[in-house]
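The values are calculated or read from the model by the stated rules, or taken from the named source; none is laboratory data. Given the structure is predicted, the values throughout are model-derived calculations rather than measurements. Positions of Cβ are generated from backbone atoms using ideal geometry, with glycine treated the same way; all protein chains shown enter the neighbour counts. For accessibility, only protein heavy atoms count, side chains too; no ligands or nucleic acids. Shrake-Rupley method; radii C 1.70, N 1.55, O 1.52, S 1.80 Å.
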Amino acid sequence: MGGHSDIVLIDKNGIRLDGRKADELRPIKIEAGVLKRADGSAYVVWGNNMVLAAVYGPREAHPRHVQNSNRAIVQAKYNMAAFSVGDRKRPGPDRRSVEISKIISEALEAVTMTELFPRATIDVYMEVLQANAGTRCAAITAASVAMADAGIPMRGLVTGCAAGKAGDKVILDLGQEEDNFGQADVPLAIVPRTGEVVLLQMDGHLTQEEFDEAFRLATEAAVNVVYPLQVEALKRKYAGSTEDIEEGITNGGLANSVINETPSEVNADEIVEELASREEKVALEDMDDGKQGGEQ
Ligand code: UDP
């Protein structure tokens, strides 16, 4: 969050740099089962973000000391390709990608029926091929489709979306300039089936009212727009032929149960209220500000 720039992020008609209105998402495309070698995979194009997710497992966790004798662990790895950003990104893990991997692992683990697979690991790889702000939301959205594609039993899909503040306005789904020169970014991930929030961060500053508005914009877009695209992507893959459906069932049955997953009536206002009344459950982790510190 830079905040100190003369760049006009929103014009006098309320239109953003890329032509969007305050509450408009970038165009999103989701495809399931794009990789042959992985147990499950998905590809998400979200505006100018491109993210590929691949899932392996459940399989025995190695080394053995990472095993949990009662349940599976979910090990998610977020990585940005060297060519994903304007300036070549130095390859390998940095503070930011370690942080994102950790919070996405925890978010995915929260919906996975890990108790069914003691000592196992479910490995989730997210490769950001092109980045334009909002990659962690695109990545977790891809990851949960890839897990469903792998037939991993989950309590529901996880859907990511961000909102924030730029040009003094609360806006949905920040683009690169809005992220760089804006005032706040609130990425979150929700389980539309249950209304559970499994990831919530805030970078920058918002008043309580602005936060509530950002939270409402992001949850509504996640539930009403992004989530149906995830379900559609799985339907397209598994409803293609009977053979595919059978494969989906023998593969654990989840992809099939997801097909029957109807977007539940989630009321974002209710979720905001619910969270306000259980404040201790909201872990507002301040995002790593490393990228402003020249740690690119
Ligand atoms: N970014 C970059 N180099 C980095 C990290 C981030 O150019 O090392 C860009 C990238 O386009 C990313 C954006 O900054 O999407 C916003 O990064 P942030 O940390 O807010 O995460 P994101 O919004 O992608 O989840």
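For the range 51-56, the Karplus equation 6.51 cos²θ - 1.76 cosθ + 1.60, evaluated at θ = phi - 60°, returns couplings of 9, 10, 10, 10, 10, 10 Hz by residue, with Gly and Pro reported as x. Reported value for the range 119-167: 96 Å³ per residue, from the convex hull of its C-alpha atoms.
For the range 89-202, pairs of C-alpha atoms spaced more than 25 angstrom apart make up 26 percent of the total. Under 5 Å between amide hydrogens, built in the peptide plane, is the criterion, and for VAL74 it picks out ILE122 among residues at least 5 positions away or on other chains.
Applied to the range 18-23, the Karplus parametrisation 6.51 cos²θ - 1.76 cosθ + 1.60 on θ = phi - 60° returns per-residue 3J(HN,Hα) values of 9, x, 7, 7, 4, 9 Hz, with x for Gly and Pro.
Using the Karplus relation 6.51 cos²θ - 1.76 cosθ + 1.60 with θ = phi - 60°, the per-residue 3J(HN,Hα) values for the range 93-105 come to x, 10, 4, 5, 6, 5, 4, 5, 4, 5, 5, 6, 4 Hz, with x marking Gly and Pro. Our note on the geometry: Cα centres of the range 84-112 and the range 118-146, 8 Å apart. Entry note, the range 30-98: relative contact order of 17 percent, from Cα contacts under 8 Å with a spacing of 6+ residues. In this structure the amide hydrogen of GLY182, modeled in the peptide plane, comes within under 5 Å of the amide hydrogens of GLY2, GLY3, none closer than 5 places in sequence on its chain.
For ILE15 and GLU232, a Förster radius of 35 Å and the Cβ-Cβ distance give a FRET efficiency of 0.75, rounded to the nearest 0.05.
Over the range 7-128, the pair-distance histogram of Cα-Cα distances with 5 Å bins from zero comes to 2, 10, 14, 16, 17, 15, 10, 7, 4, 3, 2, 0 percent, rounded to whole numbers.
May I ask you to list the trypsin sites (Lys or Arg not before Pro) in the range 60-160 that are in a DSSP loop and have at most 15 other Cβ atoms within 10 Å of their Cβ?
ARG88, ARG155
Between LEU157 and ARG193, the built amide H atoms are under 5 Å apart, and every one of these is 5 or more places off in sequence or on another chain. Heavy-atom accessible area, probed at 1.4 angstrom with all protein chains present, ranks TYR238, TYR125 as TYR125, TYR238, highest first. Return the carbon/sulfur percentage of the accessible area of the range 90-176, one whole number, probe 1.4 Å, all protein chains in place. Ligands and nucleic acids excluded, carbon and sulfur reach 54 percent.
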